[in-house]
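To start, the structure itself, in structure tokens.
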Amino acid sequence: MIMIELSIQLLLYIIAILLLFCGVVMIYLIYQRRYEERKKHVMEKYIQNTKILWQEYFLEDDRFTVTLIPKNKIQILAVEHIFLSYLRNISNPIIQQKIYTFSQMYLKEYYQNELKSRNWSKKMNAMYRIADFRIKELISTCEVSIKRKHSIEVFQLFKIYSILEKEKFIQEIWLYNDSFSQSEYKKLFSYLEVEMLQRLMEKMERLQQAAQYALIDTVAAKGSMDVIEGLEDLLASEDTEIRIRTLRGLERIGIIRDLETYIPFVNSSIWEERLMVAKLFRYAPLTYTAEHLEKLLQDSNWWVRSQAASTLIEDPRGYQRLKEFIATTNDQYAIDMANEVLGKRMRAV
């Protein structure tokens with residue numbers, strides 16, 4: 001009987017503790033919500049009160065006023081909101097430079113202190129803003145503050161390098177032993193000029209595999225004629241993925257310098273390579289590519305046949321060439337594909 005009474009008392013005691021804990025958590029959540037609402041209200045009020053002053057500062061010369069200098073953390077957060085809104089929505093170098101100058105003068109100390117914080121989210125927010133607002137003087141503080149084993153922090157440091165210290169970025173990316181994802185590498189490379197990307201291509205074997213693939217895609221996306229020779233050199237790579245991505249990149253740029261460079265891919269054992277060369281032949285005269293396209297039109301892969309027919313029909317002389325091909329070939333699959341493309345062309349006229 002005594003044991004039962006003790007058990008009931010213990011259960012009641014545990015329930016009381018849990019209720020007390022739930023009560024404390026609820027009070028904290030209510031307080032936190034009200035604090036966030038108050039902070040948001042103060043920020044909105046600051047933004048509204050300074051809206052005209054910021055517009056004058058950005059759009060007119062010599063319109064700076066000390067009223068714009070934030071006096072506390074909430075006002076700094078409001079200024080961040082204003083700056084990010086301008087940077088993301090208005091591509092004006094004069095406004096951008098004013099934001100960078102203001103940040104250097106009046107926000108640098110705040111971000112420097114945030115980088116030293118033990119709060120990870122504060123430190124990361126500071127690193128994001130250092131990149132956004134181009135506060136170059138805080139790079140060394142970033143280097144000291146990050147934990148090298150934390151990939152998110154390392155990636156953000158590399159982003160800062162790619163924006164503010166491009167030479168250091170190239171040296172560090174060659175030495176980096178771990179690997180980011182391809183999408184992360186593409187983001188980093190997107191901040192580099194074509195000349196920097198070409199330097200990376202010259203020693204591409206020093207990069208991680210994901211970085212190599214991302215570099216090819218980024219170079220092609222830039223669309224510069226200066227990178228074509230470098231890309232063509234990669235067509236001799238033993239890595240199949242590099243060759244396919246390079247062909248895709250060259251097709252995206254839309255230039256063929258020397259047709260002979262691409263002829264070997266007509267007979268490639270990799271269907272993706274045959275597909276890409278069929279696309280690339282759009283950028284060469286049909287006089288030189290018709291024979292190869294007709295061979296690809298008889299390919300074992302449906303996608304390759306379809307692309308070869310599409311490339312042929314894009315040329316003004318392609319319609320007649322396809323009709324002649326149908327009359328002379330015994331490949332029924334090729335005939336069906338050619339007729340399908342011709343039919344689409346007739347319906348479109």
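The values are calculated or read from the model by the stated rules, or taken from the named source; none is laboratory data. These figures come from a predicted structure and were not determined experimentally. Glycine also receives a Cβ, built like all others from the backbone with ideal geometry; neighbour counts cover every protein chain displayed. SASA here: full protein model, heavy atoms, side chains in, ligands and nucleic acids out. Shrake-Rupley method; radii C 1.70, N 1.55, O 1.52, S 1.80 Å.
Some notes on this structure:
- ARG118 closer than 30 Å to TYR191 by Cβ and part of a loop (DSSP other than H, G, I, E, B): yes
- Test for ILE263: is it touching a Ser or Thr at 6+ places or on another chain (Cβ under 7 Å), under 28 Å from GLU229 (Cα atoms) and surrounded by fewer than 17 Cβ atoms within 10 Å (Cβ to Cβ): no
- Positions within the range 83-137 being among the aliphatic types (A, V, I, L, M) and within 15 Å of PHE64 (Cα to Cα), in sequence order: ILE94, ILE95, ILE99, MET105
- Within the range 47-73, the only residue that satisfies the criterion of being crowded, with 17+ Cβ neighbours inside 10 Å and of a type in the set (A, V, I, L, M) is LEU68.
- In the range 224-244, the residues that are among the acidic types (Asp, Glu), part of a helix (DSSP H, G or I) and open to solvent by 30 Å² or more (accessible area, probe 1.4 Å): ASP226, GLU229, ASP233, GLU241
- Test: ARG257 is open to solvent by 30 Å² or more (accessible area, probe 1.4 Å) and out of contact with any strand residue (DSSP E or B) (no Cβ under 9 Å at 6 or more places or on another chain): yes
- Answer residue from the range 291-349, given it is over 40 Å from the mean Cα position of the chain (by Cα), hydroxyl-bearing (Ser, Thr, Tyr) and part of a helix (DSSP H, G or I) and is farthest from LEU280 (Cα to Cα) among those: THR328
- Matching residues, the range 104-127, being touching a residue at least 12 places away in the same chain (Cβ under 8 Å), open to solvent by 20 Å² or more (accessible area, probe 1.4 Å) and over 16 Å from VAL144 (Cβ atoms): GLN104, TYR106, TYR110
- Selection count, the range 135-158, where residues are more than 19 Å from the chain's Cα centre (by Cα) and open to solvent by 40 Å² or more (accessible area, probe 1.4 Å): 9
- Consider the range 73-115 and keep the residues that are in a helix (DSSP H, G or I) and of a type in the set (Gly, Ala, Ser). The one that is nearest to LEU164 (Cα to Cα) is SER103.
- For the range 264-281, the set of residues classified as of a type outside the set (A, V, I, L, M, F, W, C) and outside any helix (DSSP H, G or I) consists of SER268, SER269, listed by residue number.
Yes or no, residue by residue, for (1) out of contact with any Ser or Thr (no Cβ under 8 Å at 6 or more places or on another chain); (2) hydrophobic (A, V, I, L, M, F, W, C):
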residue: LEU280; (1), (2): yes, yes
residue: LEU296; (1), (2): yes, yes
residue: TRP302; (1), (2): yes, yes
residue: ILE313; (1), (2): yes, yes
residue: GLU324; (1), (2): yes, no
residue: VAL341; (1), (2): no, yes
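- Sole residue being in contact with a Phe, Trp or Tyr (Cβ under 9 Å, 6 or more places away or on another chain) and surrounded by fewer than 13 Cβ atoms within 10 Å (Cβ to Cβ), chosen from ILE99, ILE90: ILE90
- For ARG252: the one exception among (1) buried (at least 19 other Cβ atoms within 10 Å of the Cβ); (2) assigned to a helix (DSSP H, G or I): (1)
- LEU115 being under 20 Å from LEU77 (Cβ atoms) and either of a type in the set (A, V, I, L, M) or in contact with a strand residue (DSSP E or B) (Cβ under 8 Å, 6 or more places away or on another chain) (or both): yes
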